[in-house]
Structures are given as C-alpha cells and as structure tokens.
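K.L.:
Could you have a look at this structure, given as structure tokens, before my questions?
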Amino acid sequence: MEYLIIFTLVLALISVKWKRIAYALLSLDSLFFIWFGINQFSLLNYLGVFSIVGGFVWFFSSLFSIFYDHEKWLAPSFITSILGMQIALISSTYLQFLAGYEIMTIPAYFAIGVNRLMKSPAFTFMAFGEFSTVLVLVGFLDAYLQTGSLYFQHVFTYLPLVLVSFGFMIKMGIFPFLVTEWLPIAHGSAPSNLSAILSASMTLIAVYGLTRMAILSPSDIFLGLLLMAIGAFSTLFGSLYSYVNEHVKGLLAFSTVENDGAILASIGLYISYPNHVLSLFALATVTLFVSAHSLAKTGLFLSTGLIQGESISSSNTLKDTFSVVGVVLLTSSMSGLLPTLGGVATWALLESLFMDAFVLHSVLSIIPILVGTIIAMGEGFATAAMIKYVSFTQIFKTSYGKDIRKSAIVLTVGVLVLIAGSLSIFLFPSFISGTNLGVPPGFLLSSRFSSSAFGGIAPFFILFLIPFFSLLLILVFGKPKTRTAEVWNNGREIKDKYTSFAYSNNIRLMLRKLLRTKVLINGVEIAEDIFWIAMLKISRSYIKFSKLIATAYMNSDLRIYMVYMIIAFIVVVLLVVVI
C-alpha cells in the first residue's frame, strides 16, 4: 500500500500541469484501493468496508472531475486531500492516522479558500478542523499512556474513546457543530467534486476513526446512550434544516448532518450493547449506513454539477433520462426507502433500537425508544427534503441542455446503491436466516440479539415485487388520472409556478420561532442555524470580556505586573509545600 500512497502523491504533483490525466489515473488508483478494502474486509472484519466505500467515492468523483474541473488549483488540493484519507485508512499507528487526518484537512481548506465567495467559511472550516484534531490527539495520547504503544491496541478505560468521540463528532458536523458541514459547502461554494469528498469521504474518515476506537475500548452503556441521544438530535435538526433550506448544496450538506447523526446513534448502540450478537449487528448497521450515505451523497453532490445557480427555485438544470433516474434512486436511498442501501440501513438502525430497549428491560429502555422516535421523525423530514430536491432540480425542472457523460456517472452511482441494497444480505452471512415468512432460504436478512430472529427483511425480493405490483395495478386500473384542485401555496403568494420555498413553507410557518428565515445577497432564502448563532454570541461575549480584562489589568502598569509576580510566587510556594 505504500506504493499506492506514493503514486497518489505523484498524481497530486503532476495535476498542476496535467489535471485531466491525473484525474484519470486517480480513478485507477481508487480501484486498487477498493481491492485493498475487499482483502481487508476478510481480515479485519467490517473495517474493510470503509476502504471499499472510500475507493468508490474517489473513483466516481475522479471520473466526474475529468469533465467538470475548470479551476486552476482545484486538482492538486482535491488529490492531496484524498491522499490524506488514504493514509488514515491504512494507518496502523496513532501518528499515521493523525498525519492523514491533517493532510486531508489542509488542502480542503485551501480549495475552499481559493473558490470562496466569502472569507469566513474557509476559516471556520479550518478552525473547527484543528479543534477536532486537538481532541483526537489528546485521546490518542491518553491511549498511548495506557498501552505504552503508538499502535492501535485495546485500551483499559473508555476515557480515550470519550475524547476522540467529541473530536470526530466535530468533523462529522454533529449537534451542535452543524456549521462545520454546511458552511464550507454552501457559503464556501465548494465545487461539486470537492463537495462530494467533503461530505462523503471526509466524514467517512471521522466515522472510521471513531469506530476503530470503539472496537478497541471497553463497553460502557452510559457513554453509548449519550452518543445515541446526541445522534438522534443531530438526525432531527439536520433533516429539519435540510427540508427548509433553499441552497442546492446546503440542503445536501444538512442531509449529511442527518445521516452522520444516525451513524453516531449506531455507534452508540455498539458501545452500549451487553452481548456479542447485538454488538455485531450494531457494527453491521454502522457499515451499512456509512456505505449508503457515502455512495448516495457522492452521486447527489455530483448531480449539483449539472445545476447552474445556488437557489433551488431559480436554478437551471442540465438533465436527461440518465440524470433523472439516477437522482431518483439516490434520493430514494437517502430517504430510507427499500430496496436501496439506505432503506436497509434505516431498517437495521430502528431494529437495533427496538432490540436494545427489549434487552435492557429497565427504566433505561425508554432512552432507545425515544431515540428511535426522534430518528423516525428525522427520517420523515429527510424524505420530504429528498422529494424537494429531486422534484425541483430534476423531475419538474425544465432542461436547458444535456451532458450525457456527467449524467451517466450519476446514474451509475444510483444503480450501484440499488444493487448494493438488494444484495446486502450476502455481505452479512451471519444474519441470513433460513425459510421464514414465505422467503426461500438464504434471502432473509434477520435482526437478532440471540440465536432466534427478532425481525427480518428481504430486500432482494422487494426489488422484484415493486415493479411487479406496479405493472399489475396499471393493467387492472389503467394509467392514473389527473384532476384539477384549488391552488394552495403553503401560505405564500400564489404564482405561476409552485416553488421549492413554498413546498417547505408549511414547516417554516409552524416553527417560525425556531427557524429564522434569512435572505442572502444572491437571493437565496435559508433558515438560520440557531446553534451557530448561539456560538457567535458566546464568542462575541468572550471577546468583549477579554478586551475588558486586557484594558483593566494588562495595561502596561508596572505596579499591576508586580502584583502578578507576587501572587504567582505565593501560589508556586504553596503548591511545592502541599505536594
């Protein structure tokens, strides 16, 4: 794998002059990484899935970039960021992982800054990225003090896991750090190919690091329940902000927050489960969600490369049958609909929560039930957000041209998500059941916390049942008929066209105290992130307090400095005496 890393580094260098050649070779490089992940999957259980998924994300993003990238310095930053991700995924020591973690962040900061419309997104991205690195570094340091080794090994307490959890959560844009995901992508106006790796594979690395440390740490039910609760709120608020957002990429960025929240809840389930069977099913759920999110979000962000404009309502779209079908499949997966990979992952998560409540069998059982309820609400908003995206950017959007090459890539990712969901049962042979519920042996994916099945699903059968019953209904009842209804524009002024803003205005009206609509300079109407507003107020208050202290006590008065030195001397003497 060292040769693969060196090859990627060489591609980053030659991309300065020959970027399209570099992108083409990077796609081949990604295929080798997929092969590495397949071999790793058999050796290190589910961790190999991260390498496989990362390889697919880079493969499709690189192919798309050949026909998309017209920026001068985007290619070196794009490839170098992927280089850092590769280093993190193949790392065997804490230092190697941290090196890859930083290498993937710094070029992304540069790319966001070069293509900026505003200065703040790049700086905010870098500030939170370094804050994340500091927490991860402290967690790794504590793990080193416990084991005496820089290699990833089992630790004796869960303190390193607590520290790295909050570090990786910042990178994932988890509640209340939603801003780290949507700001650089939406307001930073990151190009579509860069947005794909920011959303799909950069958060993938954070999930990988968190999952790896969770596997090496002792179980703790209270930490697991805490992560489940945080994940649930992230899912709800991420999907809510996604639903009301009018920015093409902002909607998808908040959707990433929603998916990362569900992944965090799955990891919390893994940490808190009291027996091996539940832990294994929870870990399978994590890999399912990671795969579903990374692949679908790659395709969706690449589809934004077919859209001109930032506002969903006023944008123009290059579309054809390929792009429409591809985006429909991708949004179906992001909505948690079967038989796509996202549908299987959503089913697995909800089943895990139900089983957790059953196994705990105590007052604590109410927590996974509440978490499941909140996540289910979030999935409802997520479905509405995805319907909004596909309807107003593809299905009901008038096309002003075609780009078959880009559309074909989007369609390929969509088909991959559908096939992966339908065949997901074969990835987890330990959870395949025999004849049950009328399903032949080997085709039922069952959830279980013991030797007996708790629930089951057959995504491969659903793949054939949906078109079968659809054709049957058409044959029996004929084509659906249309009817004219009185116009309702969700409280907005009635116009010639039903806009995406009107589509989600019902929630804005009901939650107008929580969602603060703001109109940007470019005319895009968005709902403000209240958590980011709170952070800004706290930061400004701290700055005022610091200036007050500086003016009052750090004013170059020698008498004040003498008092400082005397107090410091007394404190040091007392500490020496006590110790």
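K.L.:
Over the range 1-217, what relative contact order in percent results from Cα pairs under 8 Å that are six or more residues apart?
P.N.:
It comes to 20 percent, rounded to a whole number.
K.L.:
In which sequence would Met169, Met562 go, from the one with the fewest C-beta neighbours within 10 Å to the one with the most?
P.N.:
Lowest count first: Met562, Met169.
K.L.:
Now for a different question. For the residues His276, His293, His247, what sequence is obtained by ranking on other C-beta atoms within 10 Å, fewest first?
P.N.:
In increasing order of surrounding Cβ atoms, one gets His276, His247, His293.
K.L.:
Of Asp29, Asp69, Asp403, how do they rank once you tally other Cβ atoms within 10 Å and put the fewest first?
P.N.:
The most exposed by this proxy come first: Asp403, Asp69, Asp29.
K.L.:
If amide hydrogens are placed 1.01 Å from N in the peptide plane, which non-local residues have theirs closer than 5 Å to the one on Leu444?
P.N.:
Amide H to amide H, under 5 Å and 5 or more residues apart or across chains, Leu444 pairs with Ser433.
K.L.:
Apply the Karplus curve 6.51 cos²θ - 1.76 cosθ + 1.60, θ = phi - 60°, to the phi angles in the range 286-295 and return the couplings in whole Hz, x for Gly and Pro.
P.N.:
Values, residue by residue: 4, 5, 5, 5, 4, 5, 4, 5, 5, 5 Hz.
K.L.:
Find how much the distance from Ile106 to Phe477 grows on full extension, using 0.36 nm per residue of separation minus their present alpha carbon separation; answer in nm with one decimal.
P.N.:
127.7 nm
K.L.:
Sorted by packing (mean other beta-carbon atoms within 10 Å per residue), highest first, where do 310-319, 413-422 land?
P.N.:
413-422, 310-319
K.L.:
Hey, another quick one. Give me the lysines in straight-line cross-link reach of Lys402: C-alpha distance below 19 Å, same-chain residues under 8 apart excluded.
P.N.:
Those lysines meeting the cut-off are Lys319.
K.L.:
Rounded to two decimals, what is Rg over Rh for the range 1-217 when you use alpha-carbon atoms and the Kirkwood radius?
P.N.:
That ratio equals 0.97.
K.L.:
Kirkwood Rh over alpha-carbon pairs of the range 344-399, then Stokes-Einstein at 4 °C and 1.567 mPa s: what D in µm² s⁻¹, rounded to an integer?
P.N.:
Answer from the Stokes-Einstein relation: 99 µm²/s.
K.L.:
Below 8 Å between Cα atoms, with a sequence gap of 6+, how large is the relative contact order for the range 160-303 in percent?
P.N.:
With pairs under 8 Å counted, the relative contact order is 31 percent.
K.L.:
Hey, what do the phi angles of the range 133-143 turn into as Karplus ³J(HN,Hα) couplings, whole Hz, using 6.51/-1.76/1.60 and θ = phi - 60°, x for Gly and Pro?
P.N.:
Working through the residues one at a time gives 4, 4, 5, 5, 4, 5, x, 5, 4, 5, 5 Hz.
K.L.:
With a point put 7 Å past each Cα toward its Cβ, work out how far Arg20 is from His70 in nm, to one decimal.
P.N.:
Reported label-point gap for Arg20 and His70 is 1.4 nm.
K.L.:
Another question, then. From Cα pairs below 8 angstrom and at least 6 apart in sequence, can you work out the relative contact order of the range 61-105, rounded to a whole percent?
P.N.:
Worked out over the range 61-105, it gives 35 percent.
K.L.:
Using amide H atoms built in the peptide plane, which far-off residues or other-chain residues are under 5 Å from Gly456 H to H?
P.N.:
Ser447
K.L.:
Sticking with this one: Within the range 1-217, how many lysine pairs that are 8 or more places apart, or on different chains, have C-alpha atoms less than 22 Å apart?
P.N.:
Qualifying lysine pairs in the range 1-217: 4.
K.L.:
Just to check I understand the Karplus step: with θ = phi - 60° and J = 6.51 cos²θ - 1.76 cosθ + 1.60, what whole-Hz values come out for the range 161-175, glycine and proline as x?
P.N.:
With coefficients 6.51, -1.76 and 1.60, one gets 5, 4, 5, 5, 4, 6, x, 6, 4, 5, 5, 7, x, 6, 3 Hz.
K.L.:
Report, by chain and number, residues whose modeled amide H sits under 5 Å from the one on Leu337, excluding near sequence neighbours (fewer than 5 apart, same chain).
P.N.:
Gly343
None of the figures in this text is laboratory data; all of them are computed from the coordinates on show. These figures come from a predicted structure and were not determined experimentally. Every residue, glycine among them, receives a Cβ derived from its backbone with ideal geometry; neighbour counts consider all protein chains shown.
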